[in-house]
Every structure is written in C-alpha cells, then in structure tokens.
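Asker: Sharing a structure below in structure tokens format, with a few things to ask.
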Amino acid sequence: MAVSLKKFIQQIAGKKAPGPSTSFTVFHIFYALELMSEAPLGRNKLAKKLNIGDGAVRTVIGRLKEAGLIETSKEGCSLTKKGLEVWEQFEQAFPKRVEISRSELSESDYNFAFLVKNSSDKIRSGIDQRDAAIIAGARKALVIVFKGGHMRIESVSDNVEKKYPKAAGQISKLLMPQENDAIIIAGAETALKAKRGAFAASWSLLSV
C-alpha cells in the first residue's frame, strides 16, 4: 500500500463534507476490522460491540465498503482480501493486544495493554501517549519501553522486573516484549474505554 496505514485509516474515519461530523473515531475502524477478522459480524452486533448508534455503525460499514475493506452478505460483514491485508498491517504494528489483570502497575477496574513493535525510540517522556489515552476515555495510562533487556518506565524504574516482579511477570508472559518494543497499558472504568485508551496511545506512535 503506497499510502501509510495511519493515513489510510484516518482518511476512512475522517469527516466527509458536507454532512454531520462523525460520532466514531479511528478506534472504531480498527476495532471493527479486528472483530471482522475473527468472524463475519452483523450490523446490530457490531454496533453493540463498538458501543455506537445505528446511524454511526451504518456509516462505519459504508466507509469500510467504499474503501474496499469489507463485503456484506447474509452472514454479516467480513473482510475482503484488501481488508485482510490492511488488518495484517495492524497485526504487525500491534501484535499483542490483551486485557491485563489488576496489579501494582495496573490498578484500575479494567486494564488493557498493547504491544507496539519497534517504537520505544519514538517515546520521549511518555506524556504524549498518556494524554492520548486519557483523551480517548482512559483514567490513566502507563508507558513502558523494553531496552537493554529490561522493561523501563520513565522516572519510575529502569528495571521493572526487579521493582514490580508480579506485574512484570504478567506483562512478559502476555506480551512477550523484545528489544525496542513499547507497551501501553490503559486503565478505565469499562473494558471498552481501557482498550480505546490503549489504542489511542499506541496509534500516536505510528508514523503518518
């Protein structure tokens, strides 16, 4: 794909003038593709999973069809060959996306983590990523980088495994970070907000 994944998805999610502003975001496009990569999905189930209204889900489906990423049938919406190729790019960027149980590093009711490949060099203090997560609905967010064989959190610890062994063990087992990877953990009062926050912070690390 000549256009970057980020630019392509932003074009699909962006406002199409004239007409009302959209009530969905890039996250909803990502999550719709993720759900459809697992199985065909009908409009009503998709709206429920995405937590958006009927009008918004019709627009999401329409945009994805227009972009050639999905097709509809009696079974519901499913990914086309192009849709699978785009989803594969998401899988390469965010190969691990998991719920995280409560620990000394993830204290919210619901916690969700994304592994972002080869992205630790793009992180300065982590403030930009935390801000992105909170704007998207998370209560808090944690930015971890994997460098020199250890998980590190700016201004907290250069060796998370030593300082927070239980949390580090869970993160290592579920996300399996490698050198120069980044991990975003977002916490919120609902599972969807936690995932949306983790996605927003991770999305900010992708190149346009």
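Asker: Taking 25 Å as R0, compute the FRET efficiency from the Cβ-Cβ separation of E88 and K49 and round it to 0.05. Working shown, then result.
Answerer: Working: r = 21 Å, r/R0 = 0.85.
So, using R0 = 25 Å, E works out to roughly 0.75.
Asker: Rounded to the nearest 500, what is the chain's calculated 222 nm mean residue ellipticity when only DSSP H runs of at least 4 contribute -39500 (n - 2.57) each, over all residues? Show your work: numbers first, answer last.
Answerer: Details: 9 runs with 93 residues, N = 208.
Calculated from helices alone, the mean residue ellipticity at 222 nm is -13500 deg cm²/dmol.
Asker: At q = 0.17, 0.21 Å⁻¹, what base-10 log of I(q)/I(0) does the Debye formula yield for the stretch 95-203 when every alpha carbon is treated as an equal point scatterer in vacuo?
Answerer: Cα-only, vacuum Debye calculation for the stretch 95-203: -0.67, -1.06.
Asker: Ok, one more. Roughly speaking, what is the stretch gain from I127 to E189, that is 0.36 nm per residue apart minus the C-alpha to C-alpha distance, in nm to one decimal?
Answerer: Working: separation 62, 0.36 × 62 = 22.32 nm, distance 2.10 nm.
Once the chain is fully extended between I127 and E189, it gains 20.2 nm.
Asker: Please report how many Lys pairs in the stretch 5-90 have alpha carbons closer than 17 angstrom, counting only residues at least 8 apart along the chain or sitting on separate chains.
Answerer: Value for the stretch 5-90: 11.
Asker: While we're looking at this one, here's another question. Given H placed on each backbone N at 1.01 Å, which residues far from G126 in sequence or on other chains put an amide H within less than 5 Å of it?
Answerer: Those lying under 5 Å, H to H, from G126: there are none.
Asker: Further, regarding this structure: For the pair E179 and A56, how long in nm is the line joining their label points, each one 7 Å along Cα→Cβ?
Answerer: Placing both labels 7 Å beyond Cα along the Cβ direction yields 4.3 nm.
Asker: Run the quick spin-label model on E104 and K7: label points 7 Å from Cα toward the beta carbon, then report their separation in nm to one decimal.
Answerer: Here the answer is 4.6 nm between the modelled labels.
Asker: Select from A194, A167, A133 the residue whose mean-square fluctuation is largest in a Gaussian network model of the chain (Cα-Cα springs shorter than 10 Å).
Answerer: Checking each option, the largest mean-square fluctuation is seen for A167.
Asker: Taking the mean number of other Cβ atoms within 10 Å as a proxy for protection, how do you rank 43-51, 105-113 from highest to lowest? Walk me through the numbers on the way to the answer.
Answerer: Values: 43-51: 15.9, 105-113: 21.3.
Ranking, from highest mean packing down: 105-113, 43-51.
Asker: Which whole-Hz ³J(HN,Hα) couplings does the stretch 93-106 yield from phi under the Karplus relation 6.51 cos²θ - 1.76 cosθ + 1.60, θ = phi - 60°, glycine and proline marked x?
Answerer: 6, 10, x, 10, 9, 9, 6, 10, 6, 4, 8, 5, 9, 9
Laboratory data are not the source of any read-out in this text; all were calculated from the coordinates shown. Everything quoted here is computed from the prediction, not taken from an experiment. Because the Cβ atoms are built from the backbone with ideal geometry, glycine has one as well, and the counts that use them run over all protein chains shown.
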